[in-house]
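The values are calculated or read from the model by the stated rules, or taken from the named source; none is laboratory data. The structure presented is a predicted model; accordingly, all values stated were derived computationally and were not measured. We place every Cβ from the backbone using ideal geometry, glycine too, and count neighbours over all the protein chains shown.
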Amino acid sequence: MTRTRILLVDDEPGVRLGMRGYLSAHHFDVDEAQSIAEAQEVFRTHRPDVAVVDYRLTDGTALELLPRLKEIDAAVPLVVLTGHGSIELAVQAVKEGAEQFLTKPVELAVLKVVLERLVAQRRERQRLRADQSRTARTSVNPFLGGSAAIRSLRAEAERMQHSDSPVLVTGETGSGKSVLARWLHEGGPRADAPFVDLNCAALSRDLLDSELFGHEKGAFTGAVAAKQGLLEVADRGTLFLDEIGDMDLTVQPKLLKVLEEKRFRRLGDVRDRRVDVRLIAATHQDLNAAAREKRFRGDLYFRVSTLILHVPALRERPEDIPELARHFLAEMGGARGRAGVGLQADAESALMRYPWPGNIRELRNVLERAVLLSGGGPLSRGDLRFESATDEPSGDDNLTLEELERRHIERVLRRENGHVERAALRLGIPRSSLYERLKRLGINRSGFQKSDP
Ligand SMILES: Nc1ncnc2c1ncn2[C@@H]1O[C@H](COP(=O)(O)OP(=O)(O)OP(=O)(O)O)[C@@H](O)[C@H]1O
């Protein structure tokens with residue numbers, strides 16, 4: 001459970017001391033301010049979860065302070081304290097944005113309950129906002145299968161789950177990097193705070209900037225209202241940056257600052273805000289090479305790759321495929337009222353031999369299509385339509401060189417509709433040499449010419 005930060009605004013040091021002592025003993029982190037000016041400064045930089053404001057301050061009243069705090073961050077609940085228990089003041093304070101009104105002397109146990117309730121409501125709102133920023137997903141077990149590769153991934157991931165250091169998840173597209181990131185969050189100490197998921201490749205530089213850091217009203221044309229960035233939404237939780245290798249070079253130093261100083265600035269703002277997030281980044285690229293080639297900042301690379309988890313490609317762990325396939329079939333069959341769709345032996349071995357360039361995502365798609373199109377009963381090899389250009393399982397390891405050569409030439413001829421010159425170009429050999437091989441291998445090129453227009 002992450003600790004709750006409270007800002008106490010009161011001009012009497014004795015009152016602050018009493019409240020601070022009680023709240024600190026009950027696991028709150030307390031910041032203090034004694035004037036309107038100081039309160040704004042501390043509120044902006046320390047990002048409290050709730051602010052408790054005494055009505056009367058040396059340089060004004062809570063009614064002046066509340067709108068200014070709301071302007072800085074409207075999501076933070078405000079509690080107003082007064083020595084004059086007047087309904088009129090309460091109404092005014094609520095109008096100015098106070099969530100709660102308490103009369104002095106405050107019963108500390110009551111204050112604690114009020115604060116806890118406001119914080120719980122705020123976190124729930126944050127969580128809802130975070131849910132909207134990503135496609136809804138349900139928890140998925142990233143370690144299905146018993147291969148040595150997946151067992152060792154699990155052991156490493158378990159060691160990292162309770163750390164606060166950034167994690168870089170590497171692996172081919174569709175191998176389950178996002179699933180692993182979510183698992184790290186859900187089993188870790190930040191699980192009750194949001195998991196915010198942002199794909200750096202999907203957004204233009206400017207959009208990424210304003211999505212991540214937020215902006216102030218008027219920061220650019222069209223910024224008609226201030227907007228919280230996803231960093232703020234993820235405060236206390238986990239920020240998952242997918243495809244970090246595609247993050248624009250101008251945005252990278254700002255992210256580095258967040259990691260090093262736990263501070264950031266909204267676009268158009270003049271001051272920094274504090275934020276506490278755990279970063280998990282994912283990439284299918286070789287980020288180290290990108291850093292060497294200056295396509296990615298070296299200092300950011302070192303920072304995000306403190307811990308690295310590599311998700312193995314599916315073809316490197318074919319023994320896990322039957323279990324994954326059964327998992328998907330049970331899920332899909334259940335959703336379509338066709339419980340227990342099975343796999344025939346020939347289908348299972350075809351799945352295990354196919355190279356899966358799109359990894360688990362592709363496995364899921366192939367099975368989904370097969371379940372939709374098959375007539376019922378266990379799936380056979382004939383029900384499976386593989387997506388890659390090599391529409392056959394490769395099983396290359398068991399082929400002779402001659403057979404491999406034959407298959408490759410046939411594949412290229414098929415792609416080039418039997419056109420020898422183009423096929424020779426693609427194979428990188430002279431046309432005469434391709435004719436010679438066709439003859440030697442007994443391949444009839446006319447069989448690859450498409451008769452359809
Ligand atoms: N262990 C798993 N069990 C069940 N489904 C999984 C598993 N791993 C991945 N998937 C599913 O496969 C698909 C791809 O997973 P995910 O998005 O995590 O991959 P990725 O490596 O992040 O892909 P990309 O590089 O394209 O972002 C998703 O639909 C996900 O639910």
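Looking at Thr58, Thr82, Thr103, which one is in contact (Cβ under 8 Å) with a residue 40 or more places away in the chain, more than 21 Å from Val275 (Cβ to Cβ), in contact with a Ser or Thr (Cβ under 7 Å, 6 or more places away or on another chain) and outside the structural domain of Ala234 (by TED's automatic domain parsing)?
So the residue among Thr58, Thr82, Thr103 that is in contact (Cβ under 8 Å) with a residue 40 or more places away in the chain, more than 21 Å from Val275 (Cβ to Cβ), in contact with a Ser or Thr (Cβ under 7 Å, 6 or more places away or on another chain) and outside the structural domain of Ala234 (by TED's automatic domain parsing) is Thr58.
Quick one: Ile6 ticks every box in (1) under 20 Å from Arg274 (Cα atoms); (2) at pLDDT below 90 except a single one, so which number is it?
The one condition Ile6 does not meet is (2).
Thr238: polar (S, T, N, Q), within 16 Å of the ligand (Cβ to nearest atom) and more than 14 Å from the chain's Cα centre (by Cα), yes or no? Explain how you work it out, then say what you get.
Details: polar (S, T, N, Q): yes; within 16 Å of the ligand (Cβ to nearest atom): yes; more than 14 Å from the chain's Cα centre (by Cα): no.
So Thr238 does not fit the description; no.
Given Val114, Val169, which one is assigned to a strand (DSSP E or B) and either among the hydrophobic types (A, V, I, L, M, F, W, C) or modelled with pLDDT of 90 or more (or both)? Walk me through how you get there before you give the answer.
Numbers: Val114 fails: assigned to a strand (DSSP E or B).
It is Val169.
Enumerate the pairs (first residue in region 167-187 and on the phi < 0 side of the Ramachandran plot and aromatic (Phe, Trp, Tyr); second residue anywhere and more than 9 Å from the ligand (Cβ to nearest atom) and not in a strand (DSSP E or B)) with beta-carbon separation below 9 Å, excluding pairs fewer than 6 apart on the same chain, so at least 6 apart or on different chains.
From residues that are on the phi < 0 side of the Ramachandran plot and aromatic (Phe, Trp, Tyr), the pairs are Trp183/Ser139; Trp183/Ala157; Trp183/Gln161.
Among the residues of region 271-290, is there at least one that is of a type in the set (S, T, N, Q) and at pLDDT below 95? Before you say what the answer is, go through the steps one by one.
First, the residues of region 271-290 that are of a type in the set (S, T, N, Q): 283, 285, 288.
Applying the additional criterion that residues be at pLDDT below 95 yields 285, 288.
For region 271-290, residues of a type in the set (S, T, N, Q) and at pLDDT below 95: present.
So, Leu255, is that one surrounded by 21 or more Cβ atoms within 10 Å (Cβ to Cβ), in a helix (DSSP H, G or I) and not assigned by TED's automatic domain parsing to the domain that holds Phe43 or not?
In short, yes.
So Arg154 fits all but one of (1) without any contact (Cβ under 8 Å) to a residue 40 or more places away in the chain; (2) away from the ligand (no atom under 12 Å from the Cβ); (3) within 28 Å of Trp356 (Cα to Cα); what number is the exception?
Result: Arg154 passes all but (2).
Among the residues of region 260-279, are any within 16 Å of the ligand (Cβ to nearest atom) and closer than 26 Å to Leu128 by Cα?
Filtering region 260-279 for residues within 16 Å of the ligand (Cβ to nearest atom) gives 279.
Among the residues that remain, those that are also closer than 26 Å to Leu128 by Cα are: 279.
Checked against the condition, which is being within 16 Å of the ligand (Cβ to nearest atom) and closer than 26 Å to Leu128 by Cα, region 260-279 yields at least one hit.
Please go through region 284-312 and give me each residue that is part of a loop (DSSP other than H, G, I, E, B) and more than 20 Å from the chain's Cα centre (by Cα), ordered by number.
Residues satisfying the conditions are Glu293, Lys294, Arg295, Arg297.
Yes or no: Asn365 not β-branched (Val, Ile, Thr) and not assigned by TED's automatic domain parsing to the domain that holds Arg236?
When the stated conditions are applied, Asn365 passes them.
Between a residue in region 228-243 that is in a loop (DSSP other than H, G, I, E, B) and any residue that is among the polar types (S, T, N, Q) and within 16 Å of the ligand (Cβ to nearest atom), which pairs come within a Cβ distance under 6 Å, given they are 6 or more apart or on different chains?
Glu243/Asn199
Determine, yes or no, whether Arg159 is charged (D, E, K, R), within 15 Å of the ligand (Cβ to nearest atom) and either under 17 Å from the mean Cα position of the chain (by Cα) or assigned to a helix (DSSP H, G or I) (or both). Working first, answer last.
Details: charged (D, E, K, R): yes; within 15 Å of the ligand (Cβ to nearest atom): no; either under 17 Å from the mean Cα position of the chain (by Cα) or assigned to a helix (DSSP H, G or I) (or both): yes.
No.
Quick one: is Ala191 surrounded by fewer than 23 Cβ atoms within 10 Å (Cβ to Cβ), more than 16 Å from the ligand (Cβ to nearest atom), outside the structural domain of Val50 (by TED's automatic domain parsing) and more than 23 Å from Arg265 (Cβ to Cβ)?
yes
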